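K.L.:
Sharing a structure below in structure tokens format, with a few things to ask.
Computed from the coordinates by the stated procedures, all read-outs in this text should not be read as laboratory data. Worth saying up front: this structure is predicted, and the values here are computed from it rather than measured. Note that we place each Cβ from the backbone using ideal geometry, even for glycine, and neighbour counts take in every protein chain shown.
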Amino acid sequence: MNRLHPNITTVWRLSGLLGAAFLTIVIGALEVLVLSPGGFALFTPGALTAIAGLGAFAHAIGWPNLRYRFWQWMVDDERILIQKGVVWRSRSLIPRVRVQHVDTRTSPLQRWFGLSSLIVYTAGTRGADAEIPGLTAEEAERLREDLARVEDLDERT
């Protein structure tokens with residue numbers, strides 16, 4: 001089984017920190033604009049924002065390492081296997097003969113760290129059936145080309 005590139009934890013962490021900062025600002029604004037003027041004094045002013053912010057920032061820092069630890073993938077001649085999940089674990093097994101098309105996608109943060117995601121679409125689904133994040137851009141392109149080769153699939157059947 002293959003692991004994701006270790007830099008994906010930094011991408012996930014930075015993304016989580018941005019989300020935590022946004023959440024903290026929204027909760028702080030709600031606390032100032034809604035709770036304080038209405039005289040709702042269940043908490044000391046700022047306590048709700050501090051608790052939510054600390055929780056969100058702790059999650060953004062710690063969760064990516066756990067997420068990385070449980071992410072594994074494998075592509076062989078007959079199937080794509082993806083295992084992931086910290087609390088709710090999933091194991092997806094996709095036969096290569098069901099692969100319709102394959103894309104690569106990269107966010108600005110992923111590009112900054114030289115990473116990409118491989119998106120696999122299969123027969124009988126509306127959206128993407130599987131995504132493998134945290135691949136180097138070169139590895140994602142190589143896998144995309146390998147999985148998209150229809151001639152190999154026709155020869156095996």
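K.L.:
For ARG79, what residues show an amide H to amide H distance below 5 Å, using hydrogens built from the backbone and excluding near sequence neighbours?
P.N.:
Answer set, sorted by chain and number: ARG96.
K.L.:
Right, something else. Taking the chain as the reference, fit the longest principal axis to its C-alpha atoms, fit the long axis of helix 47-69 to the helix C-alpha atoms, and give the angle between the two in degrees, 0 to 90, nearest 10.
P.N.:
Tilt of helix 47-69: around 20 degrees.
K.L.:
Same structure again: Please list, by residue number, every one of the chymotrypsin sites (Phe, Trp or Tyr not before Pro) in segment 52-115 that is coil in DSSP and has at most 14 other beta-carbon atoms within 10 Å.
P.N.:
PHE70, TRP88
K.L.:
Take the Cβ-Cβ distance between LEU93 and ALA58 as r, set R0 to 35 Å, and report the resulting FRET efficiency rounded to the nearest 0.05.
P.N.:
On the way: r = 34 Å, r/R0 = 0.98.
That gives a FRET efficiency of 0.55.
K.L.:
Under a 5 Å amide H to amide H cut-off, with H placed in plane at 1.01 Å, what residues pair with ALA130 once short-range neighbours are removed?
P.N.:
So ALA130 has HN proximity to VAL120.
K.L.:
What net charge is computed for the residues neighbouring ARG98, neighbours being all others with C-beta under 10 Å from the C-beta of ARG98, Lys and Arg scored +1, Asp and Glu -1?
P.N.:
+1
K.L.:
Moving to a separate point now. For ARG111 and VAL34, what does the FRET efficiency come to when R0 = 25 Å and r is the distance between their Cβ atoms, rounded to the nearest 0.05?
P.N.:
Working: r = 39 Å, r/R0 = 1.54.
My answer for the efficiency is 0.05.
K.L.:
Placing unit charges on C-beta atoms (Lys and Arg positive, Asp and Glu negative, everything else neutral), compute the dipole magnitude of the chain about its Cα centre in debye, rounded to 20. Walk me through the intermediate numbers first.
P.N.:
Values: 17 positive and 16 negative charges, 121 e Å.
Approximately 580 debye in magnitude.
K.L.:
Next question. I want the local charge near ARG67. Using Cβ-Cβ distances under 14 Å, sum +1 for each Lys or Arg and -1 for each Asp or Glu among the other residues.
P.N.:
+4
K.L.:
Would you mind getting the Kirkwood hydrodynamic radius of the chain from its Cα pairs, rounded to one decimal in Å?
P.N.:
18.1
K.L.:
Want the number for LEU18 to ASP146: 0.36 nm per residue separation, take away the alpha-carbon distance, what's left? Provide the component values of the computation, followed by the final result.
P.N.:
Numbers: separation 128, 0.36 × 128 = 46.08 nm, distance 3.50 nm.
42.6 nm is the gain from fully extending LEU18 to ASP146.
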